[in-house]
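Input: a single structure, listed below in structure tokens.
Readers should treat all values here as calculations from the given coordinates under stated rules, not as data from a laboratory. What you are looking at is a predicted structure, and each value in this text was computed from that prediction instead of being measured. Neighbour counts are summed over all protein chains in view; Cβ atoms, including those assigned to glycine, are modelled from backbone coordinates with ideal geometry.
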Amino acid sequence: MTDRDMIVCRCEEVTYGELVDTAGQFACNSRELKLRTRAGMGYCGGRTCRSLVDAIALAATERDVTQITLKYQPPVRPVHFGDLGAIPND
Amino acid sequence: MTERILDHPVLGVLEPDQTVTFTFNGMKYEGRCGEPIAAALLAAGIRTLRHHEESGTPRGIYCNIGHCFECRVEVDGHQGVRACLTPVREGMVINGGGALPSPVRDWRKDNA
């Protein structure tokens, strides 16, 4: 179990090695790293790995203040689509 | 035999409480009324609450304070119910999620 195999994003099972490679290969900022690896897109809404993905991206590229960092996306808790207005098909 | 701590050096003896029976993945279990589902299952020796939707790896309690959703199970037809926060009730039907048929990420290998 090397550092590279350590799971950073548990919901999407993205490993540390994957993040570092992607960030290095494409010189991603944090949002791009999230888009490329899905780290931070999981069920928990990035709560666990958000800052780690930011840190890894920042290690790879200079901080670009015009880019927003990863933030909590609404809804703050997962909402089932059915609750938003499912049309019962009975 | 139960994993439950019945005589805690600090908390003292665990008073017997009304027990409720519920089913998890089709099997009947018993728990103390009102304790979290995750705790009731843990006391019955069940640690795997669900399997990852993509890779099928076993998942269970992680944060245990309702923050990480690792313990989400389906309770009486409602999905995404957090087992660590939901008190167990008599006759609850609980199912753990499994790997889903259609993969989300397979495309990533081609254009990662």
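Numbers for the structure displayed
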{"quantity": "Gain in span if fully extended, B:VAL93 to B:TYR62, counting 0.36 nm per residue against the direct Cα distance", "calculated": "9.0 nm"}
{"quantity": "Modelled FRET efficiency - R0 22 Å, A:ASP83 with B:LEU100, Cβ distances, 0.05 increments", "calculated": "0.65"}
{"quantity": "Distance from the range A:1-80 to the range B:1-35 (C-alpha centre basis), Å", "calculated": "39 Å"}
{"quantity": "For B:THR86, distant residues with modelled amide H under 5 Å away", "calculated": "B:ILE37, B:ALA38"}
{"quantity": "For B:ARG72, distant residues with modelled amide H under 5 Å away", "calculated": "B:ALA83"}
{"quantity": "Using alpha-carbon coordinates, inclination of helix A:50-60 to the longest axis of chain A, degrees", "calculated": "30 degrees"}
{"quantity": "Dipole magnitude (debye, nearest 20) for chain B, charges at Cβ of Lys, Arg, Asp, Glu", "calculated": "320 debye"}
{"quantity": "For the range B:60-76 versus the range B:38-53, the gap between their alpha-carbon centres in whole angstrom", "calculated": "10 Å"}
{"quantity": "Residue-averaged beta-carbon neighbours from other chains (10 angstrom radius) around B:68-80", "calculated": "3"}
{"quantity": "GNM result for chain B, Cα springs below 10 Å: residue of B:ALA40, B:ALA99, B:ALA83 fluctuating most strongly", "calculated": "B:ALA99"}
{"quantity": "Per-residue ³J(HN,Hα) for the range B:28-43, Karplus 6.51 cos²θ - 1.76 cosθ + 1.60, θ = phi - 60°, Hz, x for Gly and Pro", "calculated": "8, 9, 10, x, 7, 4, x, 7, x, 4, 4, 5, 4, 5, 5, 5"}
{"quantity": "P(r), alpha carbons of the range A:25-90 - 5 Å bins starting at zero, rounded %", "calculated": "3, 16, 24, 18, 12, 9, 7, 6, 3, 2, 1, 0"}
{"quantity": "Gaussian network model of chain A, Cα within-10 Å springs - most flexible of A:VAL79, A:VAL53, A:VAL14", "calculated": "A:VAL79"}
{"quantity": "Amide hydrogen neighbours beyond the local backbone of A:GLY45, cut-off 5 Å, H modeled", "calculated": "none"}
{"quantity": "Förster radius 22 Å - calculated FRET efficiency between A:GLU62 and A:PHE26, Cβ distance, rounded to 0.05", "calculated": "0.95"}
